[in-house]
Amino acid sequence: MDLGITGKRAAVAAGSAGLGLGSAGALAAEGALVAICGRDDARLRDAAEQIGHGCVPLQIDVGTPDGAAAFVEAARDALGGIDILVTNAGGPPPGNFETTPVDAYPVALDLNLLSVVAMCKAAVPEMQERGWGRVVAITSFSVRQPVPNLILSNTARAGATAFLKTLAREVAGDGVTVNSVQPGVHATDRMTQLYGDNLESLARGIPAGFVGDAGDFGQVVAFLCSEQARFVTGVHLPVDGGTIAGLL
């Protein structure tokens with residue numbers, strides 16, 4: 001299927017590894033012009049080479065609102081504009097209510113909520129003016145079913161989801177769609193950091209019977225950026241192998 005995004009300009013945050021890398025690779029394979037960012041220059045350049053298709057590496061940390069906005073501006077300069085924005089960032093440290101101090105929350109909100117807001121503020125008005133745009137946020141299935149010992153991530157990503165739903169309704173009439181994708185357990189560095197050698201054992205708790213693949217995840221992101229998905233907006237799509245048990 002031709003997704004109709006050849007030549008579209010895509011900024012993929014935190015695209016040097018994991019689900020961001022999978023998303024950037026899928027968009028580039030569909031003909032999009034892609035810019036990615038990351039903190040480690042060597043890893044970033046390796047990722048850009050792996051993605052190919054002229055992928056532009058930008059060494060920027062999107063863990064703060066200022067850094068997030070700076071990435072969008074740098075990607076706009078590099079690509080000549082932004083048609084597609086994939087928001088993404090690493091996760092805050094683990095912890096529960098008892099072990100997590102109050103002063104840890106603002107940092108987590110910067111990382112997983114306000115960075116999303118800042119990227120959208122920097123990119124979406126241009127999309128509205130052009131009458132075409134796609135925003136896809138990589139969040140977490142914890143928005144629907146909070147994950148134990150990840151209270152910071154659960155809290156910040158729930159806020160981001162509310163923001164994205166509100167934004168989707170405001171800009172739908174301008175030809176801009178806004179959706180999020182809620183990954184379950186995938187074979188990424190983040191999951192390895194959290195679960196170590198137990199990652200594969202988690203597959204026993206996934207109805208599909210296996211841990212997700214970042215490349216497959218990227219194909220879902222690419223579809224939400226397609227012409228065929230122009231009537232899909234305000235959706236928060238779990239990609240979790242059936243892990244979430246709720247009806248909604």
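Against the condition aliphatic (A, V, I, L, M), modelled with pLDDT of 95 or more, touching a Ser or Thr at 6+ places or on another chain (Cβ under 8 Å) and surrounded by fewer than 21 Cβ atoms within 10 Å (Cβ to Cβ), how does ALA104 come out, does it pass?
It is false that ALA104 is aliphatic (A, V, I, L, M), modelled with pLDDT of 95 or more, touching a Ser or Thr at 6+ places or on another chain (Cβ under 8 Å) and surrounded by fewer than 21 Cβ atoms within 10 Å (Cβ to Cβ).
Identify, from the list GLY184, GLY242, GLY215, the residue that is more than 19 Å from the chain's Cα centre (by Cα) and small (Gly, Ala, Ser).
Checking each option against the conditions leaves just GLY242.
ASP61 is checked against (1) in contact (Cβ under 8 Å) with a residue 40 or more places away in the chain; (2) within 15 Å of the chain's Cα centre (by Cα) and fails just one. What number does that condition carry?
Only one criterion is unmet by ASP61, namely (1).
Quick one: count up the residues across the stretch 1-39 that are touching a Ser or Thr at 6+ places or on another chain (Cβ under 8 Å), within 15 Å of GLY52 (Cα to Cα) and aliphatic (A, V, I, L, M).
Qualifying residue count, the stretch 1-39: 4.
Condition check: out of contact with any Gly (no Cβ under 9 Å at 6 or more places or on another chain) and not small (Gly, Ala, Ser). Does VAL178 satisfy that?
No.
Against the conditions (1) surrounded by 21 or more Cβ atoms within 10 Å (Cβ to Cβ); (2) touching a strand residue (DSSP E or B) at 6+ places or on another chain (Cβ under 7 Å), where does LEU113 fall short? Just the number, please.
Unmet condition: (2).
Only one of LEU114, LEU85 is farther than 19 Å from GLY15 by Cβ, within 15 Å of the chain's Cα centre (by Cα) and not polar (S, T, N, Q); which?
Residue meeting the stated conditions: LEU114.
Just need a number here: residues in the stretch 203-248 that are within 27 Å of THR166 (Cβ to Cβ) and in a helix (DSSP H, G or I).
Count: 7.
For the stretch 88-111, how many residues meet the condition of being within 20 Å of ALA229 (Cβ to Cβ) and over 18 Å from the mean Cα position of the chain (by Cα)?
Residues meeting the conditions: 0.
Looking at (1) without any contact (Cβ under 8 Å) to a residue 24 or more places away in the chain; (2) charged (D, E, K, R); (3) buried (at least 17 other Cβ atoms within 10 Å of the Cβ), which is the one condition that is false for ASP240?
The number of the failed condition is (1).
May I ask you to list pairs of residues, at least six apart or on different chains, whose Cβ atoms are under 8 Å apart, with the first in the stretch 75-102 being over 22 Å from LEU19 (Cα atoms) and of a type in the set (Ser, Thr, Tyr) and the second being at pLDDT 95 or above and surrounded by 14 or more Cβ atoms within 10 Å (Cβ to Cβ)?
Going by the 8 Å Cβ cut-off, the qualifying pairs are THR100/ILE151; THR100/LEU152.
Taking the options ASP66, ASP77, name whichever one is over 24 Å from LEU152 (Cα atoms) and either touching a Ser or Thr at 6+ places or on another chain (Cβ under 8 Å) or assigned to a helix (DSSP H, G or I) (or both).
Exactly one of ASP66, ASP77 is over 24 Å from LEU152 (Cα atoms) and either touching a Ser or Thr at 6+ places or on another chain (Cβ under 8 Å) or assigned to a helix (DSSP H, G or I) (or both), namely ASP77.
Looking at the stretch 91-105 only, could you name the residues that are assigned to a helix (DSSP H, G or I) and either on the phi > 0 side of the Ramachandran plot or of a type in the set (D, E, K, R) (or both)?
Of everything in the stretch 91-105, just one residue is assigned to a helix (DSSP H, G or I) and either on the phi > 0 side of the Ramachandran plot or of a type in the set (D, E, K, R) (or both), namely ASP103.
Filter the stretch 8-33 down to the residues that are hydrophobic (A, V, I, L, M, F, W, C) and assigned to a loop (DSSP other than H, G, I, E, B), then identify the one that is surrounded by the fewest Cβ atoms within 10 Å (Cβ to Cβ).
So, considering only residues that are hydrophobic (A, V, I, L, M, F, W, C) and assigned to a loop (DSSP other than H, G, I, E, B), the one surrounded by the fewest Cβ atoms within 10 Å (Cβ to Cβ) is ALA17.
Under 8 Å between Cβ atoms, which residue pairs at least 6 apart in sequence (or on different chains) link something in the stretch 204-232 that is closer than 15 Å to MET1 by Cα with a partner that is among the β-branched types (Val, Ile, Thr) and in a loop (DSSP other than H, G, I, E, B)?
ALA222/ILE5; LEU224/VAL232; LEU224/VAL235; CYS225/ILE5; SER226/ILE5; GLU227/ILE5
Looking only at the stretch 169-181, filter to residues that are touching a residue at least 24 places away in the same chain (Cβ under 8 Å) and more than 15 Å from the chain's Cα centre (by Cα); which one of those is nearest to GLY20 (Cα to Cα)?
The extreme case among them is VAL176.
When the residues of the stretch 34-53 are narrowed to those that are touching a helix residue (DSSP H, G or I) at 6+ places or on another chain (Cβ under 8 Å) and outside any strand (DSSP E or B), which ends up surrounded by the most Cβ atoms within 10 Å (Cβ to Cβ)?
So, considering only residues that are touching a helix residue (DSSP H, G or I) at 6+ places or on another chain (Cβ under 8 Å) and outside any strand (DSSP E or B), the one surrounded by the most Cβ atoms within 10 Å (Cβ to Cβ) is ILE51.
The values are calculated or read from the model by the stated rules, or taken from the named source; none is laboratory data. The shown structure was predicted, so the numbers you read here are calculated from the model rather than taken from an experiment. Positions of Cβ are generated from backbone atoms using ideal geometry, with glycine treated the same way; all protein chains shown enter the neighbour counts.
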